[in-house]
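Participant: Questions regarding the structure given below will be posed in turn.
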Amino acid sequence: MNDNVVSFGEWAQAHNEMVKEKIIRGIDRHEVNRYYDKVINVSIQHLSLLERYLIEEYLGEIIIRFFMIGAEASKQRLAGRTPEEIETVYSKDFYQCIYEIAGDFRINRHVGEWDAYSVSIMAEDLSVKWFRKGLEYGERQRKMRLL
């Protein structure tokens with residue numbers, strides 16, 4: 001009898017993972033590559049291979065995390081909030097999240113002060129940009145009832 005019973009917690013976790021993967025697939029990889037070629041690569045080409053890898057991973061995490069936050073925030077559009085209102089509410093936590101991720105990657109330990117500053121500017125730019133893109137993506141997906 002227990003073989004037929006599905007734990008709600010397990011189902012919810014599996015569903016959340018599926019939604020997360022669906023959201024991540026919504027990231028436009030061509031746009032990420034263009035940004036990398038035009039901005040990131042130029043800014044970090046003087047660093048060692050390990051430092052470049054670390055920064056690339058960090059900025060990739062910023063893109064993914066903020067795209068997902070934006071897609072999740074798109075639920076508020078159903079309640080009638082404007083994108084500007086949603087962004088205002090969420091932007092209060094942007095810097096904290098950015099620096100939390102930077103702490104996880106220990107950016108300040110591995111690169112110089114000026115390089116860390118440059119990377120933080122790129123992270124701030126990417127966070128807002130990909131939050132907005134996630135918000136748009138989530139809204140489109142919800143209109144089609146895919147999220």
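Participant: Enumerate the calculated ³J(HN,Hα) couplings along region 134-144 in order (Karplus 6.51 cos²θ - 1.76 cosθ + 1.60, θ = phi - 60°), each rounded to whole Hz, writing x wherever the residue is Gly or Pro.
Facilitator: x, 4, 5, 4, x, 5, 4, 5, 5, 5, 8
Participant: Given the options W114, W11, W130, state which has the largest fluctuation in a GNM of the chain using a 10 Å cut-off (strictly under) for Cα springs.
Facilitator: Maximum fluctuation in the GNM of the chain, among the listed residues, is at W11.
Participant: At 222 nm, what helix-only mean residue ellipticity would the chain give, in deg cm²/dmol to the nearest 500, using -39500 (n - 2.57) for each DSSP H run of four or more?
Facilitator: Values: 7 runs with 111 residues, N = 147.
Calculated at 222 nm, the ellipticity per residue is -25000 deg cm²/dmol.
Participant: Considering amide H positions built from the backbone, and no H for Pro or chain starts, which residues 5 or more places from G26, or on another chain, come under 5 Å of its amide H?
Facilitator: none
Participant: Here is a further query. Measuring from centroid to centroid over Cα atoms, what is the spacing of region 44-103 and region 131-147 in Å?
Facilitator: 16
Participant: Calculate the FRET efficiency for S118 and D28 from the Cβ-Cβ distance with a Förster distance of 25 Å, rounded to the nearest 0.05. Before the final figure, lay out the partial values.
Facilitator: Values: r = 24 Å, r/R0 = 0.96.
Rounded to the nearest 0.05, the efficiency is 0.55.
None of the figures in this text is laboratory data; all of them are computed from the coordinates on show. Bear in mind that the values here come from a model prediction, so they are computed numbers and not experimental data. For neighbour counting, all protein chains shown are included, and Cβ atoms are generated from backbone atoms with ideal geometry for every residue, glycine included.
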